[in-house]
Structures are given as structure tokens and as C-alpha cells.
Amino acid sequence: MMYTVIIPAAGQGRRMGCGHNKVFLEVDGIPVIRRTVEVFQAHTACSAIYLAAKEDEIGQLTTLLHDFPKVRGIIAGGSERQYSIYNVLKVIPKTDIVMVHDGARPFISHETLDALYESALNNRAAIAAVPAKDTVKVVVDGQVSSTPERSTLWLTQTPQAFTYDVLLTAYQRAEADGFLGTDDASLVERTGVIVHVAQGSYDNIKLTTPEDLYFAAALLKKRGI
Ligand SMILES: Nc1ccn([C@@H]2O[C@H](COP(=O)(O)OP(=O)(O)OP(=O)(O)O)[C@@H](O)[C@H]2O)c(=O)n1
Ligand SMILES: C[C@](O)(CO)[C@H](O)COP(=O)(O)O
């Protein structure tokens, strides 16, 4: 059994403030998206890599990733992360497990991929996540509305892994209902499928704002890269 990974890389990078799609930012001389794709290229259980890209960046990505043979397709994304992923999901060949992983998360490890893949095989749906370290408040109009019990709070990451049918059904249902979620698991949860949690790593950051680039440099130093 193998898995196919869908890597959404069709964003604007607005919060990064770099004026372009942040997946092309170089971290220690290597573009973020190459670092991310490289991990899956080297992961034995990964059989195919598909990316969602902005229409006018497909050529650039094709060139940038030309030496990764597992990259089978780079598909035009959409206006939202969910639509980008769905555009790809609709065209990939049927497979056992589909993983979805943000192109902006280059520090994913094979250890997390192994754990997630195993859980998806056993449970049909699994996500990588880490326990919240800070107290989280629900804030409405600048006022605290509630403080959820921290021991129940996990910070959701990607990859998120599902059987092909579970994920496709969830996306079809979300489209039919006009539901827009911020991760793939929220679409699956609303279909009644139980999503399991695999322990992720605090290293698996999503490069979102400029401060994240400082952490990225420190992570590379920690890994001796
Ligand atoms: N319409 C979109 C939006 C996001 N993404 C991808 O989904 C991942 C997570 O999204 P995010 O971190 O929000 O990236 P951006 O949308 O680029 O960031 P911002 O919201 O700051 O513009 C990124 O790899 C991004 O390229 C995508 O493929 N299609
Ligand atoms: C999917 C995700 O990475 C889980 O934390 C996150 O929801 C993506 O959010 P974004 O605003 O699209 O980066």
C-alpha cells in the first residue's frame, strides 16, 4: 500500500508580506517548496506527488521541481486552499491513501509521515497535531467569551491523511453544502467519520508570517543543514 500526496502551493503569501507566493522564498538558499517536495520524494511509502499552483506559476514550479520523478502533476489551484486541493483531488488516479500537506510546511519529518500513514491505514482519517502550549481564549468583539480546557486543545498541522473515498466524499459534500473549512479534516468530520490524531512535531511549522523565517533558520541550524 502506498499514498499519494497533494501539496497545495497556490497561495498569495499575504501574511508573509514578501510580495509574492511564499513557497518560492529561499530558506538557506533552497526554495521552500523544494524542501517540502524533497521530503515526500524521499519517503518510500509515497508513490506520487501532485501540487496545486497558481495558473501563472505552473511553469515556474515545473522547472523548479523537474528533478523529482514522483511529481506527477501540477494543477491550477483556486481562490481558497480548499478549492486548490479539490481541483487536484478531482483529477488524481484513485489510490489507497491521500495525504494533504501544505507546501509552506517544509520541516515535516519521515517519522511524522510514518505515524500518520499508519494511522490512516488503520483509522481511515488522521491528522498531525501537537498539544497547545498556551492557554487559548475564544474572543468575540475584543472580549473573552470562553477559555476552553487546554488539555483538550491540539494545534492542527498537516499532513492530514485519509482513504481516498473518505476524502473525496467529504469534498463533494462540502461543495454541495457550500461549506468552506480551514483544513481538510473539518470537511471529513462533518461527514461523521472519526478523525484520529497522530503526534506531530513542534518543528513542523507553517511559514506564515515573517517571524516564522527566524524559526526556519534555527530549525536548519538544529538539523545541521
Ligand atoms: N488558494 C490557496 C491558498 C493557499 N494555498 C496553499 O495552502 C497552504 C497553506 O495556506 P497559507 O499558509 O494560508 O498560504 P497563503 O494563502 O499563501 O498565505 P496568506 O493567507 O497569508 O496569503 C500554502 O502552502 C498555500 O500555498 C493554496 O494552494 N491555494
Ligand atoms: C491546514 C492548516 O495548516 C492546519 O493548521 C491550516 O488551517 C492552514 O491555514 P491557512 O490559513 O490556509 O494557512
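The values are calculated or read from the model by the stated rules, or taken from the named source; none is laboratory data. Computed from a prediction, not measured in an experiment: that's the story for all the values here. Every residue, glycine as well, gets a Cβ built from its backbone with ideal geometry; the counts of neighbours run over all protein chains shown. SASA here: full protein model, heavy atoms, side chains in, ligands and nucleic acids out. Shrake-Rupley method; radii C 1.70, N 1.55, O 1.52, S 1.80 Å.
Observations, loosely collected:
- Restricting attention to the chain, the count of lysine pairs at 8 or more positions apart or across chains with alpha carbons under 26 Å apart stands at 20.
- GluC sites (Glu not before Pro) within segment 1-56, DSSP loop, no more than 14 other Cβ atoms inside 10 Å: none
- Highest-MSF residue in the chain out of Gly178, Gly78, Gly59 [GNM, Cα springs under 10 Å]: Gly178
- In segment 24-131, trypsin sites (Lys or Arg not before Pro) in a DSSP loop with at most 16 other beta-carbon atoms within 10 Å: Lys90, Lys94
- Dividing the summed helix terms, -39500 (n - 2.57) for each DSSP H run of n ≥ 4, by the number of residues in the chain produces a 222 nm estimate of -9500 deg cm²/dmol to the nearest 500.
- Measuring r between the beta carbons of Leu180 and Arg223 and using R0 = 35 Å, the FRET efficiency lands at 0.50.
- With a simple spin-label model that places each label point 7 Å from the Cα along the Cα-to-Cβ direction, the separation between Thr152 and Glu55 comes to 4.5 nm.
- Computed extension gain for Ser201 through Ser145, at 0.36 nm per residue and net of the alpha carbon distance, reaches 17.2 nm.
- Computed FRET value (nearest 0.05) for Tyr83 with Thr63, which takes r as the C-beta separation and R₀ as 22 Å: 0.35
- Heavy-atom accessible area for Asp141, with the other protein chains in place and a 1.4 Å probe, reaches approximately 140 Å².
- Cα-centre dipole for segment 97-225 with unit charges at Cβ (Lys and Arg positive, Asp and Glu negative), debye to 20: 320
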